[in-house]
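Participant: Take this structure, written in structure tokens, and hold onto it; I'll ask about it next.
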Amino acid sequence: MKKLKNVCAYARVSTLKDVAIDSLDNQISNYIDYIISNKDWNFCGIFVDEGKSGTNKTMRLGFNQMMESARNGYIDLIITKSISRFARNTVDAISLIRELRLINVEVYFENDGISSFDNNIDFVLSVFAGLAEEEARGVSENVKWSNKKRFESGHVNMVTDRFLGYDRDLDGNIIINEAEAMIVRKIFDLYIDGMGFSKIANWLEENNYKTITGNTKWNNSSIGVIIKNEKYTGDALLQKTFRPSFKSQNYKSNKGELPMYQVLNSHPQIISKKTFEKADRIRELRGHKFQKTHLKMSNDDYAKPTIYASFLECSKCGKNFQLVHNKNGSLYSKLNFVCASNKFNKQCDAEPISKLVLDETLLNLINGIIKNKYTFINVLTKSLNKNSIYLEKVKQHEINQNKIKEMRASLETLKNSSSEFERRVKSEIKAQLRTLLITDSNIYKELATSLNIVKFIDVRKKILSKHFDPIMDLDEFPFREFFSKGVVYSRENITFKLGFNDNNSKDSEALVIGETPFVIRKTNNKLKYEVTL
């Protein structure tokens, strides 16, 4: 029997306007009908990105999922509207097409009428993608020119619904919202009186003051933004940030790269310039005060917290653990992981965990896996092959595929039918087939990506294949690639998740177990740990 070609489509619109959404819906519907109408093709789904820029592939989740499926051998042909929909970055477009060609995956660009398997495609791609990139560059330059003219004319654009203290009247003029302005003035008064950002946030919460979004929870950063915002003086400093290039998705602080424009008395004043300057001087002095030499980024313990970012999750409240100094500013400062809910106020039952204990636990765990790598891979493989989520999806996919074959066989039998009854039956079967193919394509996507056992094992095999001796430092082993996260149940109980299908069940089978002894106030304790899927 002839093997069907696995075919998918990629659709993208670059805005979230209603017209764009309609366009996307039409693209999806047309692609579904186009692919399932070909009896030699197996429909593998539509990968979609809404409102994502084509200038950078890192922000396109649908695109990245499609590429992962292709790399894992689940796709033979990708259909997309045009090169500009696929990628507007010349280098990305060419490199991705070349990569897909090497694994025998074809990309067909409908509007351009070309296939990635055509001869001299690299030249054609460079021309088309280059034109698309120049178009993006032109749009960016027009926006920059417009912004520059707006800045030079002193036009101040304030989004008042996201700016505490201000509203707009019926004519669009900026006016003071007195209820909110009172909060702003109070924040400046408290700061000048000696309160820090965290104490001000606590005071506002205790007195039931709400943020601009109506939230009763305040955080340090929002207080800092208010204290540093010169717009509350009635003046505005324009172009404080900028995008380095039209390809960049992020803004950076303007430190002299571009001119800044100060607009005096552009809108009503909430606090005096004298008050703002006084708060600014206090902020600078406090900044110098807390710059302790032994806590600078050159210190190894302080310079490496990023390797733990978003790694430890609290089982009680769901927030992440953060690395903090329990005696900030002291030469005897110790590093602990603290639940984010308890960083400033005790709001969660989770206890802090010593960084030294966690590091020792991870080292023991990793070295144990390295020492018994072949046993670990065998145990992992057995556990994956009896994973209930995986088995259920495989079973459902097989059932769907059998139904699809039966429906296609029925349609083949009825293809030359002429009676009204048979035409209605054929129409009904087509509708059922369309629905089933869409449902099954979602299962197929999961089996190609999050439930791909072969790929999941292969990633960990490759990591372990590079290690034969015990590691002495966590920097020697990519534990963030090996484990997806650590779930903290208590100071004495942590589960490290491998991340297969983001399984959050604590009851899943433990692949590795162990314990790390530690002492708290001269009392012996043990941190018990395990590894699960």
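Participant: Identify all residues within the range 337-351 that are under 25 Å from Val519 (Cβ atoms), surrounded by fewer than 17 Cβ atoms within 10 Å (Cβ to Cβ) and in contact (Cβ under 8 Å) with a residue 40 or more places away in the chain; write none if there are none.
Facilitator: Glu351
Participant: Okay, moving on. So, of the residues in the range 263-313 that are of a type in the set (Lys, Arg) and in contact with an Asp or Glu (Cβ under 9 Å, 6 or more places away or on another chain), which turns out to be modelled with the lowest pLDDT?
Facilitator: Keep residues of the range 263-313 that are of a type in the set (Lys, Arg), which gives 273-274, 278, 281, 283, 286, 289, 292, 296, 304.
Okay, now just the ones that are also in contact with an Asp or Glu (Cβ under 9 Å, 6 or more places away or on another chain), so 273, 304.
Details: Lys273: 85, Lys304: 44.
Here the answer is Lys304.
Participant: Could you grab the pairs with beta carbons closer than 7 Å, sequence gap of 6+ or different chains, first residue in the range 22-43 and assigned by TED's automatic domain parsing to the domain that holds Leu411 and buried (at least 19 other Cβ atoms within 10 Å of the Cβ), second one modelled with pLDDT of 85 or more and part of a helix (DSSP H, G or I)?
Facilitator: That search, which allows pairs on different chains as well, returns nothing.
Participant: I've got another one for you. For the subset of the range 478-494 comprising residues that are buried (at least 20 other Cβ atoms within 10 Å of the Cβ) and not small (Gly, Ala, Ser), which member is farthest from Glu351 (Cα to Cα)?
Facilitator: Let us first name the residues in the range 478-494 that are buried (at least 20 other Cβ atoms within 10 Å of the Cβ), namely 479, 486, 488, 494.
Next, only the ones that are not small (Gly, Ala, Ser) stay: 479, 488, 494.
Working: Phe479: 23, Val488: 9, Ile494: 12 Å.
The selected residue is Phe479.
Participant: Looking at (1) of a type in the set (Lys, Arg); (2) modelled with pLDDT of 85 or more; (3) within 24 Å of the chain's Cα centre (by Cα), which is the one condition that is false for Lys17?
Facilitator: (2)
Participant: Further, regarding this structure: Do we find that Ile46 is aliphatic (A, V, I, L, M), modelled with pLDDT of 80 or more, touching a helix residue (DSSP H, G or I) at 6+ places or on another chain (Cβ under 6 Å) and closer than 26 Å to Phe456 by Cβ in this structure? Talk me through it step by step, then tell me what you get.
Facilitator: Numbers: aliphatic (A, V, I, L, M): yes; modelled with pLDDT of 80 or more: yes; touching a helix residue (DSSP H, G or I) at 6+ places or on another chain (Cβ under 6 Å): yes; closer than 26 Å to Phe456 by Cβ: yes.
The answer is yes for Ile46.
Participant: I need every pair where a residue in the range 406-417 that is under 14 Å from Leu436 (Cβ atoms) has its Cβ under 7 Å from the Cβ of a residue that is of a type in the set (D, E, K, R), sequence separation at least 6 or different chains.
Facilitator: Arg408/Lys39; Leu411/Lys426; Leu411/Lys430
Participant: Also, I was wondering about something else. For the range 428-439, does any single residue satisfy the condition of being outside the structural domain of Asp40 (by TED's automatic domain parsing), charged (D, E, K, R), closer than 25 Å to Met67 by Cβ and surrounded by fewer than 16 Cβ atoms within 10 Å (Cβ to Cβ)?
Facilitator: No, because not a single residue in the range 428-439 is outside the structural domain of Asp40 (by TED's automatic domain parsing), charged (D, E, K, R), closer than 25 Å to Met67 by Cβ and surrounded by fewer than 16 Cβ atoms within 10 Å (Cβ to Cβ).
Participant: Could I ask something else about it? Only one of (1) surrounded by 14 or more Cβ atoms within 10 Å (Cβ to Cβ); (2) assigned to a helix (DSSP H, G or I) fails for Ser450. Which number is that?
Facilitator: (2)
Participant: Examine the range 497-504 for a residue that is surrounded by 14 or more Cβ atoms within 10 Å (Cβ to Cβ), in a strand (DSSP E or B) and in contact with a Phe, Trp or Tyr (Cβ under 9 Å, 6 or more places away or on another chain), and state whether such a residue exists.
Facilitator: The answer is yes; a qualifying residue exists.
Participant: Could you grab the pairs with beta carbons closer than 6 Å, sequence gap of 6+ or different chains, first residue in the range 165-192 and in contact (Cβ under 8 Å) with a residue 40 or more places away in the chain, second one acidic (Asp, Glu)?
Facilitator: So the pair list comes out as Gly165/Glu180; Ile175/Asp167; Ile175/Asp169.
The values are calculated or read from the model by the stated rules, or taken from the named source; none is laboratory data. Fair warning: this is a prediction, and the values are worked out from it, not measured in the lab. Here Cβ is always computed from backbone atoms with ideal geometry, including for glycine, and neighbour counts include all displayed protein chains.
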